Amino acid sequence: MKADQFQSPDYYNLDDLLSDEHKMVRDAAREWVKREVSPIIEEAAQKAEFPKQIINGLAEIGAFGPYIPEEYGGAGLDQISYGLIMQEIERGDSGVRSTASVQSSLVMYPIFKYGTEEQKKKYLPKLASGEMMGCFGLTEPDHGSNPSGMTTTFKDNGDHYLLNGAKMWISNAPFADIAVVWAKNEEGRIYGLIVERGMEGFTTPETHNKWSLRASATGELVFNNVKVPKENLMPEKSGLGAPLGCLDSARYGIAWGAIGAAMDCYDTALRYAKEREQFGKPIASFQLQQKKLAEMITEITKAQLLAWRLGVMRNEGTATSAQISMAKRNNVEMAINIAREARQILGGMGITGEYSIMRHSMNLESVITYEGTHDIHLLITGADITGIPAFQ
């Protein structure tokens, strides 16, 4: 088992833009990843198993709803702190960051924003502590980029709602205690409902044979006449804007998280290039390798500045959905390109589990698709700057 020798690149002294609290939160997450994630993650990915033993640790470093107020069990941190935690966790593995992102942005966030006071008090403290885990049901087998076409529905059945339908590609589904599910009522209006494991007719079959996010548990949500208590409907916001608001928070976290994966690939490639000798000298001395490394650190630096500025705007409440979309698309594309270049620097060793690069590369193939595909995010920016939607 190799020691985690990661050193974070900061070419433009971005630490000077961070508060002492930001750095303390980030460094705590970084040390935890080095200690608890790095030693086990390659084996977990090879076995295609989510390492459930890390859930308590994720809770302890504030990875579950860090921006949720303390009265509901959160850490009460700002958006930059949230981003930095996601960056450090994804430096360890995108699948582990997915678990934290879903719990924070797609489960705790909607309950906090759209739920009743009773729902907040019942679920949020347990979600923050990791005692309870959640998942988010929006994507369906036939409706991914077009969530408004969803066919999952619920009907008023007197003292409860009757929920029918299915969701697909759901992170955390196989072990989640609750699911925040988006469905249409009899008038076709979209609402969020909190569905609890154990409700009759609710099943979560696991998705197998993945080549990506292998250390993350993915599954389906199947609803067959599930009786959902009326008090489990989140009443404060309806329509497609409700789940899209959650996706804004998740996409923001991904914009930071992808930087972590890129930094890990760059740091690994830089260290390897200095140590690996060919033709009697380190390969870092060759022009083409320096070109790769120089472009990597440039793109990472640009992504860091983009994420930091977005975090400032999120704290001010001025960041738009389109601005968040741009950062998600840009930073994930940056990361996947760096993973591919880093793999080449390592040559044949780059495809082995002795190094993290190939695992990052496979993981990022999912990250570039989920929470809005790369192409859809391009169209979001296109629509924003031209005023002409081109989705259809």
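Grouping the Cα pair distances of the stretch 291-391 into 5 Å bins from zero gives a pair-distance distribution of 2, 12, 18, 18, 19, 13, 9, 5, 2, 0 percent in increasing distance order.
Measuring with a 1.4 angstrom probe and ignoring ligands and nucleic acids, Y370 comes out at about 50 Å² accessible. Amide H contacts of W169 (H built 1.01 Å from N, in plane; Pro and chain starts excluded): G219 sit under 5 Å, all sequence-distant by 5 or more or on other chains. Note on K291: lysines with a C-alpha under 26 Å away, same-chain residues under 8 apart excluded, are K274, K281, K302, K328. A DSSP coil position with no more than 16 other Cβ atoms inside 10 Å describes the following chymotrypsin sites (Phe, Trp or Tyr not before Pro) in the stretch 1-67: Y11, Y12. Helices in the chain, meaning DSSP H runs of at least 4 residues, each add -39500 (n - 2.57). Divided by all residues, the mean residue ellipticity at 222 nm is -15500 deg cm²/dmol. K122 contributes an accessible area of around 110 Å² to the protein surface, as traced by a 1.4 Å probe with all chains present.
If you take all other residues with their beta carbon under 15 Å from the beta carbon of I41, and give Lys and Arg +1 and Asp and Glu -1, the sum is 0. How far is helix 241-275 tilted off the main Cα axis of the chain, in degrees rounded to 10, range 0 to 90? Tilt of helix 241-275: around 20 degrees.
Accessible surface ranking for R197, R26, 1.4 angstrom probe, highest first: R197, R26. Of the accessible area of the stretch 1-101, with the probe set at 1.4 angstrom, what percent is carbon plus sulfur? Result for the stretch 1-101: 44 percent of the exposed heavy-atom area is carbon or sulfur. Computed from the alpha carbon atoms alone, the convex hull of the stretch 1-158 holds 165 Å³ per residue. Summed over the residues of the chain and divided among them, the accessible surface reaches 43 Å² per residue at a probe radius of 1.4 Å. Each residue, T352 and E236, gets one label point 7 Å from its Cα in the Cβ direction; the gap between the two is 5.2 nm. What share of all Cα pairs of the stretch 237-292, in percent, falls into each consecutive 5 Å distance bin? Taking all Cα pairs of the stretch 237-292, the binned fractions are 4, 16, 15, 12, 10, 8, 8, 7, 7, 5, 4, 2, 1, 0 percent. Charged neighbours of E187, selected by a Cβ distance under 14 Å, balance to +1 (K, R count +1; D, E count -1). Computed from phi, the 3J(HN,Hα) profile of the stretch 2-8 under the Karplus parametrisation 6.51, -1.76, 1.60 (θ = phi - 60°) reads 7, 6, 7, 9, 3, 10, 6 Hz, with x in place of Gly and Pro. Electrostatic tally near M133: other residues with Cβ closer than 10 Å to its Cβ, Lys and Arg +1, Asp and Glu -1, net +1. Sorted largest first, the principal axis extents computed over the alpha-carbon atoms of the stretch 1-50 equal 40, 20, 16 Å.
Placing +1 on the Cβ of every Lys and Arg and -1 on the Cβ of every Asp and Glu, with no other charges, gives the chain a dipole of roughly 680 debye about its Cα centre.
Diagonalising the gyration tensor over the Cα atoms of the stretch 71-146 and scaling each eigenvalue by 5 before taking the square root yields semi-axes of 21, 19, 11 Å, largest first. Per the Kirkwood formula applied to alpha carbons, the stretch 302-355 shows a radius of gyration over Rh ratio, Rg over Rh, of 1.21.
For the stretch 358-367, putting each phi into the Karplus relation 6.51 cos²θ - 1.76 cosθ + 1.60 with θ = phi - 60° gives couplings of 5, 5, 4, 4, 5, 4, 5, 5, 7, 4 Hz, in residue order, rounded to whole numbers and with x for Gly and Pro. Ignoring aspartates and glutamates fewer than eight residues from K47 along the same chain, the ones with Cα atoms less than 18 angstrom from its Cα are E36, D93, E206, E354.
When the solvent-accessible area of the stretch 244-383 is split by element, carbon and sulfur atoms take up 55 percent of it, the probe being 1.4 Å. Under 5 Å between amide hydrogens, built in the peptide plane, is the criterion, and for G137 it picks out V180, V181, W182 among residues at least 5 positions away or on other chains. With the largest listed first and rounded to whole Å, the semi-axes of the equivalent ellipsoid of the stretch 116-211 from the Cα gyration tensor are 21, 20, 12. Using bins of 20 Å that start at zero, the share of Cα-Cα pairs per bin across the chain amounts to 29, 57, 13, 1, in whole %.
The values are calculated or read from the model by the stated rules, or taken from the named source; none is laboratory data. As the structure is a prediction and not an experimental result, all values here were calculated from the model. Cβ atoms come from the backbone with ideal geometry, glycine included; neighbour counts cover every protein chain shown. With ligands, DNA and RNA removed, areas are computed over all heavy atoms of the protein, side chains included. Shrake-Rupley method; radii C 1.70, N 1.55, O 1.52, S 1.80 Å.
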